[in-house]
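K.L.:
Pasting a structure below so you can have a look.
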There are 4 protein chains.
Amino acid sequence: MYELSRSNRATVAYSFDDVAIAPQRRTRSDSEVDLSWRIDAVTFDLPIVAAPMDSVMSPETAIEMSRLGGLGVLNLEGLWTRYEDPTEQYAQLTEDVDQVTITRRMQQIYAEPVKEELMVARLQQLRAAGVPVAASLSPARTQEYAHVIEKAGLDFFVIRGTTVSAEHVGGGDDVLNLKDFIYRFDTPVLVGGVATYRAALHLMRAGAAGVLVGFGGGATHTTASVLGIEVPMASAVSDVAEARRDYLEESGGRYVHIIADGAVGRSGDIAKAIACGADAVMVGSPLARAAEAPGKGWHWGSEAWHSSLPRGERTYFEQVGTFEEVVVGPSRVPDGTMNLAGGLRKSMAMTGYTDIKSFQRIELILHR
Amino acid sequence: MYELSRSNRATVAYSFDDVAIAPQRRTRSDSEVDLSWRIDAVTFDLPIVAAPMDSVMSPETAIEMSRLGGLGVLNLEGLWTRYEDPTEQYAQLTEDVDQVTITRRMQQIYAEPVKEELMVARLQQLRAAGVPVAASLSPARTQEYAHVIEKAGLDFFVIRGTTVSAEHVGGGDDVLNLKDFIYRFDTPVLVGGVATYRAALHLMRAGAAGVLVGFGGGATHTTASVLGIEVPMASAVSDVAEARRDYLEESGGRYVHIIADGAVGRSGDIAKAIACGADAVMVGSPLARAAEAPGKGWHWGSEAWHSSLPRGERTYFEQVGTFEEVVVGPSRVPDGTMNLAGGLRKSMAMTGYTDIKSFQRIELILHR
Amino acid sequence: MYELSRSNRATVAYSFDDVAIAPQRRTRSDSEVDLSWRIDAVTFDLPIVAAPMDSVMSPETAIEMSRLGGLGVLNLEGLWTRYEDPTEQYAQLTEDVDQVTITRRMQQIYAEPVKEELMVARLQQLRAAGVPVAASLSPARTQEYAHVIEKAGLDFFVIRGTTVSAEHVGGGDDVLNLKDFIYRFDTPVLVGGVATYRAALHLMRAGAAGVLVGFGGGATHTTASVLGIEVPMASAVSDVAEARRDYLEESGGRYVHIIADGAVGRSGDIAKAIACGADAVMVGSPLARAAEAPGKGWHWGSEAWHSSLPRGERTYFEQVGTFEEVVVGPSRVPDGTMNLAGGLRKSMAMTGYTDIKSFQRIELILHR
Amino acid sequence: MYELSRSNRATVAYSFDDVAIAPQRRTRSDSEVDLSWRIDAVTFDLPIVAAPMDSVMSPETAIEMSRLGGLGVLNLEGLWTRYEDPTEQYAQLTEDVDQVTITRRMQQIYAEPVKEELMVARLQQLRAAGVPVAASLSPARTQEYAHVIEKAGLDFFVIRGTTVSAEHVGGGDDVLNLKDFIYRFDTPVLVGGVATYRAALHLMRAGAAGVLVGFGGGATHTTASVLGIEVPMASAVSDVAEARRDYLEESGGRYVHIIADGAVGRSGDIAKAIACGADAVMVGSPLARAAEAPGKGWHWGSEAWHSSLPRGERTYFEQVGTFEEVVVGPSRVPDGTMNLAGGLRKSMAMTGYTDIKSFQRIELILHR
């Protein structure tokens, strides 16, 4: 706690760039490390979830992500549910034009309404592929399309907004009562962004199976400039892990998963996120670098197309390899953007850890 | 307090860039948020005051600013009171020439004396538009033109310098005695810049209706390089809010308004300023980006034309939209420079606040 | 210790760039300063060891380094033991191509197996030159080639990896048991990288004659991005010096040498490393600038050619003079990359110290 | 004090860029401010000393500096005492060539021996102009040329090196015993650089009339890279001011002047130096910007031409006006490099101070 003035104090918060992992007294062989992540009834080979962003997730890449051992999530308010065939829209959104032009173009393309029948069709396509089915809606539309989700029988349902609270006040009848919704609903719900102890605790009490920590789209959003809102991730994940620990006791043993969502652009960041207390990470920009990414290297989030207050930039990333190479290697670049799983595995081996849960307890250093 | 040496200590101070707002446990709908600001007899829709700088304020844009729900302020020592028709001067000041050339050109153009009859005419023009009439003078000229101000019957009179104190020592008969002046004067006076608890407390005791915190012209002045004087805004606003709290008790209930003036270039900064304790903000550079701004994107403050010690740079900002779009949207850029009101509203909604006074109490985080 | 959350703390760590040496109350003449470093049976004129990296060490430059008063170390898993005549491979590795191309090329060139007979031949070449013979292996291959090392009768054997522990767990029969190995082995062993008090203490207890602090290849590796692992050097060296102090007491007087290995690119960094507690430094990038360096200015470490997870970049340094000029001067550049010994000597003279051991006790300042 | 390790601590130190002056509760008119500085028998209009660097000081500019109210100092080991007419040498040193070329060229040009008869002639030229005569030698040559200085009857003699101590140990008979020298010598001696409490206290006890705090040549030297030695100026000046306070008591009233020498490039830095406790400043780079500067905008210090370990870069500064305009204005640029005296005066006026001694007590803020 630092003083702004005699009676006004502020808490210091740290980003992933502020912290680092230090080698310990033991090392292990890579082959000893188990990266598996068990949540609800499903065990994933990798603790990596793909962000439901149109730039990286199509039905095909969502399936590929799951095939590689992680979890793909399709955005049910994106191009794939607004357009029968979004090829033309993707072509427009991946042209090399300036930010003002692309912002206006996004505002127009995403003005097309979402269609229920397309939601159903896309979810059937995922189900047919035999992989875990996961899809997302924004908090504002969850109530409206809950029946679609319910009927489709998802494995995981993701409610993802810039910030989501268990107590949304005001705004009429169609506002989501998160607690009622989750308890009525059979599918495990992953919900966020959230960034503080109290807000996370409330989401846990509302029944969330997992919480997304952060704002997502770390590489693309401009929430700090537009809203003044910012959550340095190392502190945010660490705070929410604290809430998880307290809730575990309060609930008599219900373990809520923590998924770091934002500022996770390199394998080293994944290791740091877990070292801060996360069970898994949600990644966007590394996947934007894969050849199969529908955004062809361009990357954008849903806050970028807001009709009156856009809060995200479209950003370009050089493409480096296939989806498989980005996620499980082999890597051909030394910057941490390929072989995400290999980077995490090596980081754990070098510090002597064999599984995600114990790696959460490693001590971090803070560099200036 | 940090040590410079055994007996020399310095207080740490933070800028708006050092702090951020974190989401809380509640959220609200945008429609629940009330941005209105009541000061003296007037209620404004928006807590946004336009800076009395020639680059952004002409009689027309001052009127437009008030029409949009904020407050426009005309500089009574600027081009509009030195020249009957300043078109030619604006043309020269908005040419793309280097800093040395423009500094000399400003020194020449502003050497033309201020004319009382033009002051009167400009103020009548504002009055005729039916909006609240507000205008500014520097502390050095306030005494000299007080009678003009008095006769014009302003709604708000702004005394604005780099730094203003309630105790100016020495310098002859024409020096402003702020306390006498304010008490003799009927119009509510907004006065600054001020940056510390004690200086602000003295201005409050002198009768100010509001104090301007900071130096203004954050984007253009070079006070730090030339004078070594600098006031990181988050700490300055927070300190002055502390003074306001103490003065409120000492005075038995007189509430002095705090207007953050400087380093408020994006909607996120407005949110942070209020979160630090401000009631309103004075903005310059965002308005310089509006199509109607008389500076056509060029932005400069009055310290820039000092005859022997210029302390400001003329800076260029890309024009992004109309005055209306900049102030109340819709925005087409994701960097916080358009739809200032919308950004503030959304920031409050996302953190669960409905009005300015309660938003002043939100806790901030300090990032490294 | 700073808080990440209520129950999660992180230790602050400082890099060489964060600290500085301040002049003291005494000064001395350069001629009064003795830079000699005695380890085991050998006394070196300079406390400077060359890093076993192919970019700087050939048999010829290893000999030259020792001739100049320091210690050259040949990498026994580099080009010189994979190829009878590596001229063609050096030519390919020093072409000006992009990072992706060079990474793939390194992966291919270093896929060629290491050959025992070449190890023997290279070591004989060093021995024949009459200088101290020192060579390195990675921890993973030490067991396999221990007999070669043993037969060759080295003066110093270096085990060097990104991180080495005294307790490597799992991984099959060929895993190195460091303690057994060192005690069985006659040659003094220098081993690292290591970065923390506990890990260093264990290496000391395992019998190391010296520990390498850091990761090496400071100028080229990307461990922080890929693994999230980073050790700011001022704190790491200082921590390991603490372990040395404690081990000295625990062992009843066995003095283990500390060699700072990484982020030592300028003579000022060498002075800082010793001021933090090091006895000597291992340098790479300054030697890459010498005309005789086989990398011709290009510099890379062994982590750069990992087959599935490369963690190093090839970096270019302008060549500034001969090996001799770089190490002992005279210098013709004012940036600390030439006359490394002279820079260290002058730093000690200006602060009034005459030998390495006493210079380790100088107090540092920390600048923001 | 911060921890590097359990038993190794470092003191935090701050630069002028880390601190700032904040407005206080009083303001004053510029005309109320007195900038005069009295040292020994002389009262200067301005507390500004010109650095004895060939790039800024010729006999002519030294005289001009004194004429303007400050103090010019000629370097007695520079071009003017090595060459009868250094025009050709200046031409070579002000050519636009790269750093390596210019370093070698400086090493050659300054290899020419210093000539006693030229020292005498240059000092007579200063004396003839009727201004205070001040000149400098390095500590290494002071003993050798003391008799010249003594005979010339200077008003101030400056001993200036990177770091000077009252206890130089070893190095033969010709080593300067500062205490003996000063006590034997009639002229007031200004000596430095010095950067810490203890070292300064010893210089004060040795009889110095003033101490130079810092290394000088802030804009050009590379001491931090080459030697690892660095002294953030705000802390250094503040520490030495502490020593002055203690010495004043210990000596029963002998007041030693503190002259900040280094990192004083803008008028704001001058104000900060005095606010930290300095009585005056020694400036180099601002004068390099004057049209009359013999370096024609190129700026270099004596450490740049060291024969085996050069520690300074030649740096270019755009020329902005005459010597007079740079020192006392009027200014035509808003960056603090013109009208140094005016900037200091305005800074004091805006914070309510009338003289240098009281301005030393203003409280500083530390920004992040």
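Laboratory data are not the source of any read-out in this text; all were calculated from the coordinates shown. Computed from a prediction, not measured in an experiment: that's the story for all the values here. Heads up, the Cβs are rebuilt from the backbone with ideal geometry, glycines too, and the neighbour counts pull from every protein chain shown.
K.L.:
So for each of A:197-210, A:119-132 I average, over its residues, the number of other beta carbons within 10 Å; can you give me the resulting order with the highest mean first?
P.N.:
Details: A:197-210: 22.7, A:119-132: 17.1.
Ranking the peptides A:197-210, A:119-132 by packing returns A:197-210, A:119-132.
K.L.:
Could you please rank B:H147, B:H257, placing first whichever residue has the fewest other Cβ atoms within 10 Å of its Cβ?
P.N.:
Values: B:H147 10, B:H257 20.
Ranking B:H147, B:H257 by Cβ neighbours within 10 Å, fewest first, gives B:H147, B:H257.
K.L.:
Right, something else. Extending each Cα 7 Å along its Cβ direction at A:E318 and D:D98, get the distance between those two points in nm, one decimal.
P.N.:
2.5 nm
K.L.:
Just for chain B, what percent of DSSP beta bridges are antiparallel, to the closest 5? Please list the in-between numbers first.
P.N.:
On the way: 12 of 39 bridges.
Bridges in chain B are about 30 percent antiparallel.
K.L.:
Moving to a separate point now. On average, how many beta carbons from a partner chain sit within 10 Å of the beta carbon of a residue in D:232-244? If you can, show how the numbers build up before the last one.
P.N.:
Details: counts 7, 0, 4, 8, 5, 3, 8, 6, 1, 4, 5, 2, 0.
Mean shielding count: 4.
K.L.:
When Lys and Arg each count +1 and Asp and Glu each count -1, what net charge do the other residues less than 14 Å away from B:E3, Cβ to Cβ, add up to? Don't skip to the answer; put the middle values down first.
P.N.:
Working: positive: B:R6, B:R9, C:R368, D:R9; negative: D:D18, D:D239, D:E242, D:E363.
Net charge around B:E3: 0.
K.L.:
Let me ask something additional. For a Förster distance of 30 Å, can you work out the FRET efficiency between the beta-carbons of A:E117 and A:Y255, rounded to the nearest 0.05? Provide the component values of the computation, followed by the final result.
P.N.:
Values: r = 37 Å, r/R0 = 1.25.
The value I calculate is 0.20.
K.L.:
Please list, short to long, the whole-number percent of alpha-carbon pairs of the range D:18-366 in consecutive 20 angstrom bins beginning at zero.
P.N.:
Cα pair-distance distribution for the range D:18-366, in percent: 32, 61, 7.
K.L.:
Still on this structure, I have one more. Only helical DSSP H runs with n ≥ 4 go in: add -39500 (n - 2.57) per run for chain D, normalise by residue count and round the 222 nm mean residue ellipticity to 500 deg cm²/dmol.
P.N.:
Value at 222 nm, helices only, nearest 500: -10000 deg cm²/dmol.
K.L.:
Among DSSP beta bridges lying fully in the protein assembly as shown, give the percent that are antiparallel, nearest 5.
P.N.:
Numbers: 48 of 188 bridges.
Of those bridges, close to 25 percent are antiparallel.
K.L.:
If neighbour count is taken as other Cβ atoms inside 10 Å, put D:F359, A:F215, A:F185 in order from fewest to most. Write out the running numbers ahead of the final one.
P.N.:
Details: D:F359 20, A:F215 31, A:F185 16.
Ranked by crowding around the Cβ, least crowded first: A:F185, D:F359, A:F215.
K.L.:
Shielding by partners for C:328-341, please: the mean number of other protein chain Cβ atoms within 10 Å of each residue's Cβ.
P.N.:
Details: counts 1, 3, 6, 9, 8, 9, 22, 7, 9, 2, 4, 5, 1, 1.
Mean number of neighbouring Cβ atoms from other chains: 6.
K.L.:
In the range C:106-222, if every C-alpha pair distance is counted and binned at 10 Å from zero, what percent goes to each bin?
P.N.:
13, 42, 36, 10, 0
K.L.:
Same structure, new question: Size of the dipole of the protein assembly as shown about the Cα centre, Lys and Arg at +1 and Asp and Glu at -1 on the beta carbon, nothing else charged, in debye to 20?
P.N.:
Values: 140 positive and 188 negative charges, 575 e Å.
My answer is approximately 2760 debye.
K.L.:
Principal axis extents for the range B:256-368, Cα atoms only, whole Å, descending order, please.
P.N.:
So the three principal-axis extents are 47, 33, 32 Å.
K.L.:
Continuing with this model, one more query. Please work out whether the protein assembly as shown counts as rounded, prolate or oblate from its C-alpha gyration tensor, where a ≥ b ≥ c are the square roots of the eigenvalues and a/c under 1.5 means rounded, while otherwise a/b larger than b/c means prolate and anything else oblate?
P.N.:
Values: a/c = 1.96, a/b = 1.00, b/c = 1.95.
Judged from the Cα gyration tensor, the protein assembly as shown comes out oblate (a/c at least 1.5, b/c at or above a/b).
K.L.:
Run the quick spin-label model on A:E150 and A:T11: label points 7 Å from Cα toward the beta carbon, then report their separation in nm to one decimal.
P.N.:
3.6 nm
K.L.:
Return the average number of partner chain Cβ atoms within 10 angstrom of each residue Cβ along peptide A:27-40.
P.N.:
On the way: counts 14, 7, 7, 4, 3, 3, 1, 0, 0, 0, 0, 0, 0, 0.
Mean partner-chain Cβ count within 10 Å for A:27-40: 3.
K.L.:
Just order B:14-21, D:316-323 by mean Cβ neighbour count inside 10 Å, highest at the front, would you? Intermediate values should be presented prior to the final figure.
P.N.:
Working: B:14-21: 22.9, D:316-323: 16.8.
For the peptides B:14-21, D:316-323, the packing ranking is B:14-21, D:316-323.
K.L.:
Mind counting lysine pairs for me in the range A:15-366? Cα separation below 17 Å, and the two need to be 8 or more apart along the chain or on different chains.
P.N.:
On the way: A:K115/A:K151; A:K272/A:K346; A:K272/A:K357; A:K346/A:K357.
The number of close lysine pairs in the range A:15-366 is 4.
K.L.:
Roughly how large, in nm² to one decimal, is the mean projection of the convex hull of the alpha-carbon atoms in the range B:288-329?
P.N.:
About 3.0 nm², averaged over all directions.
K.L.:
I need the peptides C:349-358, C:225-234 ranked by packing, meaning the mean over residues of other C-beta atoms within 10 angstrom, with the highest value on top.
P.N.:
Working: C:349-358: 19.5, C:225-234: 27.8.
My ranking of the peptides, most packed first, is C:225-234, C:349-358.
K.L.:
I want to verify the translational diffusion coefficient of the range C:1-134 in µm²/s; compute it with Stokes-Einstein, Rh as the Kirkwood radius over Cα pairs, at 4 °C and 1.567 mPa s. Spell out each step's value before the answer.
P.N.:
Working: Rh = 18.8 Å.
For these conditions, the coefficient is 69 µm²/s.
K.L.:
Taking loop as defined by DSSP and a crowding limit of 16 other beta carbons within 10 Å, which GluC sites (Glu not before Pro) in the range A:81-132 fit?
P.N.:
Working: sites: A:E84, A:E88, A:E95, A:E116, A:E117; in loops: A:E84, A:E95.
Listed in order of number, the matching sites are A:E84, A:E95.
K.L.:
A follow-up question, please. What's the exposure ranking of C:V281, B:V33, going from fewest to most Cβ atoms within 10 Å? Each step should come with its number before you reach the end.
P.N.:
Working: C:V281 31, B:V33 22.
Fewest to most other Cβ atoms nearby, the residues stand as B:V33, C:V281.
K.L.:
Using only Cα atoms, figure out Rg for the range B:191-260 and give it as a multiple of 2.2 N^0.38 Å. Write out the running numbers ahead of the final one.
P.N.:
Values: Rg = 12.4 Å, N = 70, 2.2 N^0.38 = 11.1 Å.
The range B:191-260 yields a ratio of 1.12.
K.L.:
Moving on. Along the charge dipole of the range B:14-366, pointing to its positive end and built from +1/-1 on Cβ of Lys, Arg, Asp and Glu, which listed residue (B:T187, B:P86, B:A273) has its Cα farthest out?
P.N.:
Of the candidates, B:A273 comes out farthest on the positive side.
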